[in-house]
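S.K.: Attaching a single structure in structure tokens format; questions to follow.
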Amino acid sequence: MTTPRTTTPADPSTSGSRPLPAAVLWDMDGTLIDTEPLWMAAEIELTSRFGVPWTAQDATELVGSAMVHSAGVLRARGVDLPVPTIVDELTASVARGVARQVPWQPGARDALQTLRAAGVPLALVTSSYRPLADPFAVAAGVFDVVVAGDDVTRPKPDPEPYLAAARALGVPVERCVAVEDSRSGIASALASGARTLAVDGVQHVADRPGLSRIRSLRDLTLDVLRDLAAGAVLEVPPTR
């Protein structure tokens, strides 16, 4: 197991000769922005309206899930609304929260800007729908491609979203690095063939063959990405 030498974003002017990934494919919720509390609050408001018990553990289990799956779970638990209406209400609630202030994860903006400066193509690959994904992508101002949950037939954990992003960028998915935080998203990225990097999040993710780990995007350097592009499986720093 390789341990990178640095723990802060590298200067692209001293980036060295090893190749960077053909692209970096980014999950949004929980990875780049801390929207999980907003999703949980939206779920609690909706379930409370219908007198449905809903716990933090219930909410955690839905992290990274496709919107129609989450809405289906809420409907099955007693939220007496059509699935599309549940999706729309949850998305609108979270979009309002993000519009008030983008809740960036530590190191996320620096990581994106470092990669943009280094000329690495970037895609946003999210289970959230366009009404949330598009305003965030505009605010971030760095993504070449956006693949939202309502753009695909088979959402995460199916590999389709990551395959679609690589195809839209015109690069082989096997030469891309995907950055994720949830079980569903990690399964999607690994199944696509992308080099997959898990960032610690609210959901426990078990070790899987080929899965690299990092505690914070503050530790995501160009050297880390070069190692991943070369096929290394990294743990930076060692997790619990």
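The values are calculated or read from the model by the stated rules, or taken from the named source; none is laboratory data. All values reported here derive from a predicted model rather than from experimental measurement. Glycine also receives a Cβ, built like all others from the backbone with ideal geometry; neighbour counts cover every protein chain displayed. Each accessible area value is taken on the protein alone, full model and side chains, heavy atoms only, with ligands, DNA and RNA left out. Shrake-Rupley method; radii C 1.70, N 1.55, O 1.52, S 1.80 Å.
S.K.: Along the Cα→Cβ direction, 7 angstrom out, place labels at Asp88 and Glu45. What is the inter-label distance in nm?
M.R.: 1.6 nm
S.K.: Ok, one more. Considering only protein heavy atoms and a 1.4 Å probe, what is the carbon-and-sulfur percentage of the accessible area of the stretch 36-100? Kindly include the intermediate steps, with their values, before the conclusion.
M.R.: Details: 1840 of 3140 Å².
Carbon and sulfur atoms account for 59 percent of the accessible area of the stretch 36-100.
S.K.: Okay, moving on. Taking Cα atoms, how many degrees apart are the long axis of helix 83-100 and the longest axis of the chain, rounded to 10 and kept between 0 and 90?
M.R.: 60 degrees
S.K.: Summing -39500 (n - 2.57) over the DSSP H runs of n ≥ 4 in the chain and dividing by its residue number, what mean residue ellipticity at 222 nm do you reach, to the nearest 500 deg cm²/dmol?
M.R.: On the way: 9 runs with 98 residues, N = 240.
My calculation for the chain gives -12500 deg cm²/dmol from helical runs alone.
S.K.: Over the stretch 131-240, average the accessible area per residue using a 1.4 Å probe and give it in Å², no decimals.
M.R.: On the way: 4410 Å² over 110 residues.
About 40 Å² of surface per residue is accessible.
S.K.: Under 20 °C and 1.002 mPa s, how fast does the stretch 36-100 diffuse according to Stokes-Einstein, given a Kirkwood radius computed over C-alpha pairs? Answer in µm²/s, whole number. Please list the in-between numbers first.
M.R.: Values: Rh = 11.6 Å.
The Stokes-Einstein estimate is 185 µm²/s.
S.K.: What does the net charge come to around Leu81 if you take all other residues with beta carbon closer than 10 Å to its beta carbon, with K and R at +1 and D and E at -1?
M.R.: Details: positive: Arg49, Arg75; negative: Asp80, Asp88, Glu89.
So the environment of Leu81 carries a net charge of -1.
S.K.: Additional query: What translational diffusion coefficient, in µm²/s and rounded to a whole number, does the Stokes-Einstein relation yield for the chain at 37 °C and a viscosity of 0.692 mPa s, taking the hydrodynamic radius as the Kirkwood radius over Cα pairs?
M.R.: Details: Rh = 18.0 Å.
D = 182 µm²/s.
S.K.: For the pair Arg100 and Asp200, how long in nm is the line joining their label points, each one 7 Å along Cα→Cβ?
M.R.: Going by the 7 Å Cα→Cβ label model, 2.8 nm.
S.K.: Excluding ligands, DNA and RNA, what is the solvent-accessible area per residue of the stretch 36-100 at a probe of 1.4 Å, expressed in Å²? Kindly include the intermediate steps, with their values, before the conclusion.
M.R.: On the way: 3140 Å² over 65 residues.
The answer is 48 Å² per residue.
S.K.: Report, in degrees rounded to the nearest 10, the 0 to 90 angle that the Cα long axis of helix 108-117 makes with the longest principal axis of the chain.
M.R.: 40 degrees
S.K.: In a Gaussian network model over the chain where Cα atoms closer than 10 Å are linked, find which of Ala168, Ala22, Ala139 has the largest mean-square fluctuation.
M.R.: Judging by the Gaussian network model, the answer is Ala139.
S.K.: Here's another thing I want to ask about it. Note the angle between two axes, namely the Cα long axis of helix 130-140 and the longest principal axis of the Cα atoms of the chain, as a number of degrees from 0 to 90, rounded to the nearest 10.
M.R.: With both axes taken from Cα atoms, the answer is about 40 degrees.
S.K.: Relative to a virtual label point 7 Å from the Cα of Arg130 in the Cα→beta-carbon direction, which members of the stretch 149-164 show backbone nitrogen distances below 20 Å?
M.R.: Counting backbone N atoms under 20 Å from the label point, the list is 149-156, 160-164.
S.K.: For Gly30, list long-range residues whose amide hydrogen, built 1.01 Å from N in the peptide plane, is under 5 Å from its own amide hydrogen.
M.R.: Result for Gly30 returns Thr35, Glu36.
S.K.: Where both partners of a DSSP beta bridge lie in the chain, what percent of those bridges are antiparallel, to the nearest 5?
M.R.: On the way: 1 of 23 bridges.
Roughly 5 percent of the beta bridges in the chain run antiparallel, per DSSP.
S.K.: Then there's this: Starting from the amide H of Arg213, placed 1.01 Å from N in the peptide plane, find each other amide H under 5 Å away whose residue is 5 or more places distant or on another chain.
M.R.: The answer is Ala198, Leu234, Glu235, Val236.
S.K.: Rounded to the nearest 10 Å², what accessible area does Thr60 have for a 1.4 Å probe in the complete protein model?
M.R.: 30 Å²
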